[in-house]
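Heads up: the structure comes next, in structure tokens.
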Amino acid sequence: MLILGIETSTMQVGCAIGGHEGVLASTHITRGKRHAENLTPAVRFLCEQSQVGLDEIGLVAVDVGPGLFTGLRVGVATAKALAFALRVPMIGVSSLDLMAFPVRFSSRLIVTALDARRGELYYAFYRQVPGGVQRIGDHQLGSPDDLASELLATGEEVLLVGDGAQRYVEAFEGLAKVELVEPGNRSPSAEALVELAHARALREEFERPDAIEPVYLRRPDAEINWSTRDGA
């Protein structure tokens, strides 16, 4: 089964194709908040370069967030449209899970943190398990200081991953037991999405397209701006 993975939770647009042989091809584009303009051409380019037709895709995987409202909306809507058109199932994967996957071999407590704007972070905690990592608890939204306090309270050796950690590095650099992962792992990747979706597909953890919904931990910035304006 070939899997098409679509990742749009951050400023970048990513897509990948792969299956039991691993990831065959991938592409990532970062051009501002132009998810709608970039995603369809990126999928087309990916299929051309990998010499895989859309009619060969047996599963569509998508990053469901948390992340940028516009990016998630475009990515999930496009993935659903493709799944409906191809009559194939879907699998939704958390953006925070995608960032934990590449560092799954660490025995330390893994924490992923995405920049949520407005001085906040989306974050989650993970532990190594056979074959990967397992999330501990729900996705969370809080300030860098909130996360730093939680990390300090654990008393554990921590591996901190994501662009949120990089942006607010001053909140974490004084914590002795916390190591920040290099900037190369700042964002979720479409390659990790395909790999995680393949593992779930082997367990037949498929989802209907109409059951896939983005994970929003707060209202869109546009609504917040209007509320602030009305309150003023």
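The values are calculated or read from the model by the stated rules, or taken from the named source; none is laboratory data. Nothing here was measured: the structure is a model prediction, and the numbers come from that model. When we count neighbours, we look across all protein chains shown, and the Cβ atoms used for this are built from the backbone with ideal geometry, even at glycine.
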Matching entry among L24, L46, L59 (being hydrophobic (A, V, I, L, M, F, W, C), assigned to a helix (DSSP H, G or I) and either at pLDDT 95 or above or within 14 Å of E195 (Cα to Cα) (or both)): L46
Top-ranked residue in region 157-191 [being in contact (Cβ under 8 Å) with a residue 24 or more places away in the chain and in a strand (DSSP E or B); ranked as nearest to I6 (Cα to Cα)]: V161
So G75, is it under 21 Å from R34 (Cα atoms), touching a strand residue (DSSP E or B) at 6+ places or on another chain (Cβ under 7 Å), in contact (Cβ under 8 Å) with a residue 60 or more places away in the chain and assigned to a helix (DSSP H, G or I): yes
Test: E156 is acidic (D, E), surrounded by fewer than 19 Cβ atoms within 10 Å (Cβ to Cβ), on the phi > 0 side of the Ramachandran plot and modelled with pLDDT of 95 or more: no
Residue satisfying condition, being closer than 27 Å to H20 by Cβ and either at pLDDT below 95 or surrounded by 19 or more Cβ atoms within 10 Å (Cβ to Cβ) (or both), within set L180, L193, L202: L193
Yes/no for T27 being in contact with a Phe, Trp or Tyr (Cβ under 9 Å, 6 or more places away or on another chain) and either under 19 Å from V74 (Cα atoms) or surrounded by 24 or more Cβ atoms within 10 Å (Cβ to Cβ) (or both): yes
Test set (1) under 17 Å from the mean Cα position of the chain (by Cα); (2) part of a loop (DSSP other than H, G, I, E, B); (3) under 29 Å from G19 (Cα atoms) - L217 fails condition number: (3)
Neighbours by Cβ (under 7 Å, 6+ apart or cross-chain): first from region 129-156, not assigned by TED's automatic domain parsing to the domain that holds A171; second outside any strand (DSSP E or B) and not aromatic (F, W, Y): none
Residue list for region 192-210, restricted to those being of a type in the set (K, R) and assigned to a helix (DSSP H, G or I): R200
Residues within region 27-39 that are at pLDDT 95 or above and over 17 Å from the mean Cα position of the chain (by Cα), tallied: 0
Index of the failed condition, D138 passing every other in (1) surrounded by fewer than 18 Cβ atoms within 10 Å (Cβ to Cβ); (2) in a loop (DSSP other than H, G, I, E, B); (3) not aliphatic (A, V, I, L, M): (2)
Pick from region 205-219, criterion surrounded by fewer than 15 Cβ atoms within 10 Å (Cβ to Cβ) and hydrophobic (A, V, I, L, M, F, W, C), ranking: nearest to A77 (Cα to Cα): A211
Selection within region 121-132 - buried (at least 20 other Cβ atoms within 10 Å of the Cβ) and of a type outside the set (G, A, S): L121, Y122, Y123, F125, Y126
Test: residue in region 61-68 that is of a type in the set (A, V, I, L, M), touching a residue at least 12 places away in the same chain (Cβ under 8 Å) and surrounded by fewer than 20 Cβ atoms within 10 Å (Cβ to Cβ): no
Some residue of region 48-60 being within 27 Å of Y122 (Cα to Cα) and either in contact (Cβ under 8 Å) with a residue 40 or more places away in the chain or not acidic (D, E) (or both): yes
Number of positions in region 1-21 that are part of a loop (DSSP other than H, G, I, E, B) and more than 22 Å from L114 (Cα to Cα): 3
